[in-house]
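Peer 1: Before I ask anything, let me first share the structure, which is written out below as structure tokens.
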Amino acid sequence: MKIAVLGTRGIPANYGGFETCAEQLAQRWTAGGHDVLVYARRQRYKDRPATVGRTRMRYTRSFERFGMGTPSAAFLSAADLIALRRDYRYVHLYNTGNAFLLPLLRLFGFRAVISVDGIEWRREKWGWLQKAAHRFGAWLAVKFAHAVVADNRSVTEFYAAEFGCQAATIAYGAQPIQRSADADEILARFGLTAGRYCIFIGRMVPEKGVQRLIDAFERLNTDLSLVIIGDDAPTPYRDAIWARKSDRIRLLGFQYGHVCEQLLVNAKMYVSASMLEGTSPALLSAMSAGVCCLVNGIPENRHTTAGSVALFEENDAQSLVRTWQALLDDPQRLASVAASGQAHQRQHYDWDKIADEYLQLFQHVERRRSDAVGNPMGRPE
């Protein structure tokens, strides 16, 4: 099977969940003998190898001003695919912001599967135009994609209720994370000690609740530090967070790969006040690392964790403080939550299983190819 991957910033992952998913799936698909081509943004990669592992790469430019980075990169990638790479008949597209490509891809006979993530138009970082574009993109996804994939059952249920769409639910995964021999060296680089900090990983945008997380941390009776991994383009919200950096509130910016894993696995707790999620890759990684997790009790997190981690009452700052303090004061419960979260992740969020589920979905699309080719502009079954 020949699969083209569009709509991410590229691999190796250096931004977020879509990129991590694309990288993990591509590794497994190519290991299974499939031919995978991933499109990446030239501006994000100084070195541009023709292959990453066994995965073929193509680098396209993008127009990064006025919020056009994602759609411009996706359009140029699709143009390259249509003009020069027509033998890659299967397309894995990411993001409702790129769904405007689906009618074009379908017109040229590609079989397209789109991963929509969460409900993008609810994110506070978007202005009204971007929110409208994402909502319209969701409609385009339902209308023109051969299959729509949501990473969380709450999102699947929303698409069913809002659009009458029978989306597939395929979550993200997480790799096993263990403390490595160079862990202390990595921690020393940031002035940290194992077990002496709580951690959060995510972008500095309003829906991630970073300000609320810091506010809650400052009300705790603890001598631990709070480590925040992540960043965002300069905005008043992001700049206000960086202004709160201190000896106890440690802002480390973007960290990836082995370094990020060692910062995570050596934390005492993973805590998130995020108000909008699908299946959070950072949460899954924390569960995989055997770290006690405390997260917002929104429906998406409840579906992801199924009672295996600690939850505070939905969007309730007082509950966050109370639950956080109670866990820090009860080492036995903290260890129990860590163990149950890890067991749940190992059972339900394995990348090998997820890669197979996507391949099965492509095979299902292939069985419907007569409809896809014969009626390229029609509504998928």
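Peer 1: Do you know which of the residues in the stretch 140-193 that are among the aromatic types (F, W, Y) and without any contact (Cβ under 8 Å) to a residue 40 or more places away in the chain is surrounded by the most Cβ atoms within 10 Å (Cβ to Cβ)?
Peer 2: F158
Peer 1: From the list F190, F200, which residue is aromatic (F, W, Y), within 23 Å of R302 (Cα to Cα) and either under 16 Å from the mean Cα position of the chain (by Cα) or modelled with pLDDT of 95 or more (or both)?
Peer 2: F200
Peer 1: Which condition number in (1) under 30 Å from A132 (Cα atoms); (2) in a loop (DSSP other than H, G, I, E, B); (3) of a type outside the set (V, I, T) is the one that P12 fails?
Peer 2: If we test P12 against (1) under 30 Å from A132 (Cα atoms); (2) in a loop (DSSP other than H, G, I, E, B); (3) of a type outside the set (V, I, T), just (1) comes out false.
Peer 1: Another question, then. Checking the condition in contact with a Pro (Cβ under 9 Å, 6 or more places away or on another chain), buried (at least 20 other Cβ atoms within 10 Å of the Cβ), closer than 16 Å to T70 by Cβ and outside the structural domain of S272 (by TED's automatic domain parsing), which residue from L101, L93 passes?
Peer 2: L101
Peer 1: Given the criteria crowded, with 21+ Cβ neighbours inside 10 Å and at pLDDT below 95, does E300 qualify?
Peer 2: yes
Peer 1: Quick one: how many residues across the stretch 258-291 are surrounded by fewer than 19 Cβ atoms within 10 Å (Cβ to Cβ) and more than 20 Å from A171 (Cα to Cα)?
Peer 2: So the answer is 2.
Peer 1: Would you mind telling me which numbered condition in (1) among the aliphatic types (A, V, I, L, M); (2) surrounded by fewer than 24 Cβ atoms within 10 Å (Cβ to Cβ); (3) in contact (Cβ under 8 Å) with a residue 12 or more places away in the chain A78 fails?
Peer 2: If we test A78 against (1) among the aliphatic types (A, V, I, L, M); (2) surrounded by fewer than 24 Cβ atoms within 10 Å (Cβ to Cβ); (3) in contact (Cβ under 8 Å) with a residue 12 or more places away in the chain, just (2) comes out false.
Peer 1: Being more than 22 Å from the chain's Cα centre (by Cα) and of a type in the set (K, R) is the filter; apply it to the stretch 331-381 and report the residue that is modelled with the lowest pLDDT.
Peer 2: Ranking the qualifying residues of the stretch 331-381, first place goes to R379.
Peer 1: Which residue is modelled with the lowest pLDDT, if the candidates are limited to the stretch 120-178 and must be among the basic types (K, R) and within 30 Å of V259 (Cβ to Cβ)?
Peer 2: Filtering first and then ranking leaves K125.
Peer 1: Using the structure shown, decide if R244 is surrounded by fewer than 20 Cβ atoms within 10 Å (Cβ to Cβ), farther than 29 Å from E64 by Cβ, touching a residue at least 12 places away in the same chain (Cβ under 8 Å) and not assigned by TED's automatic domain parsing to the domain that holds R65.
Peer 2: No.
Peer 1: Would you be able to tell me the number of residues in the stretch 194-203 that are in contact with a Ser or Thr (Cβ under 8 Å, 6 or more places away or on another chain) and either within 30 Å of V155 (Cβ to Cβ) or buried (at least 18 other Cβ atoms within 10 Å of the Cβ) (or both)?
Peer 2: Residues that pass the stated criteria total 5.
Residues checked against (1) among the small types (G, A, S); (2) modelled with pLDDT under 95; (3) not assigned by TED's automatic domain parsing to the domain that holds F362:
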{"site": "A13", "(1), (2), (3)": "yes, yes, no"}
{"site": "F18", "(1), (2), (3)": "no, yes, no"}
{"site": "W29", "(1), (2), (3)": "no, no, no"}
{"site": "V38", "(1), (2), (3)": "no, no, no"}
{"site": "R58", "(1), (2), (3)": "no, no, no"}
{"site": "P71", "(1), (2), (3)": "no, yes, no"}
{"site": "D80", "(1), (2), (3)": "no, no, no"}
{"site": "G97", "(1), (2), (3)": "yes, yes, no"}
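Peer 1: Taking the options A286, A317, name whichever one is in contact with a Phe, Trp or Tyr (Cβ under 8 Å, 6 or more places away or on another chain) and at pLDDT 95 or above.
Peer 2: A286
The values are calculated or read from the model by the stated rules, or taken from the named source; none is laboratory data. Just so you know, these numbers come straight off a predicted model, no measurement behind them. Here the Cβ is made from the backbone with ideal geometry for all residues, glycine too, and neighbour counts use every protein chain on show.
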